[in-house]
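Readers should treat all values here as calculations from the given coordinates under stated rules, not as data from a laboratory. Small disclaimer: the values here were computed from a predicted structure and weren't measured. Please note: Cβ atoms are built from the backbone with ideal geometry, for glycine as well, and neighbour counts cover all protein chains shown.
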């Protein structure tokens, strides 16, 4: 059985993330969607909220387990016996950062490979940051995020 890890902040999870996961699920028996506790960014949702929103957003993926983690994603990958790290690439601007990250991860844990997936065209421009900004300003993002995420974001921004 081949296990992959899909690490990220997921603040919040978007349909772009889910599209990458859908593609990866064709190649791996098990996938751990790993929600990072330490993100280097300010998050709108707590770790527990992000983890729960990911779980609620993935009912059609029985081979996906949502877990949170502390520390380096590659160390967590080794801990859960994953062989591959999944990353999404949206645009050329993502490539330089993602390549550097993949190379550093390979240096830290040579046993972990990285595979890049490109989301469907309709999600190529999508980011969690953009979603939060649009919701905060009252825009419609209905077909870009799962319904549970839309509801949670609206609750956050109406407080």
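Ranked by how many other Cβ atoms sit within 10 Å of their own Cβ, fewest first, the residues 25, 127, 100 fall in the order 100, 127, 25.
Within segment 3-157, antiparallel bridges make up roughly 0 percent of the DSSP beta bridges whose residues both belong there. When each of 65, 150 is scored by the number of other beta-carbon atoms lying within 10 Å, the sequence from fewest to most is 65, 150.
Here the relative contact order of the chain, from alpha carbon pairs under 8 Å that lie six or more residues apart, stands at 29 percent. By the beta-carbon count within 10 Å of each Cβ, the least crowded to most crowded order of 157, 123, 6, fewest first, is 157, 123, 6. Helical content of the chain, expressed as a calculated mean residue ellipticity at 222 nm, amounts to -12500 deg cm²/dmol (DSSP H runs of 4 or more residues, -39,500 (n - 2.57) each, divided by residue number, nearest 500).
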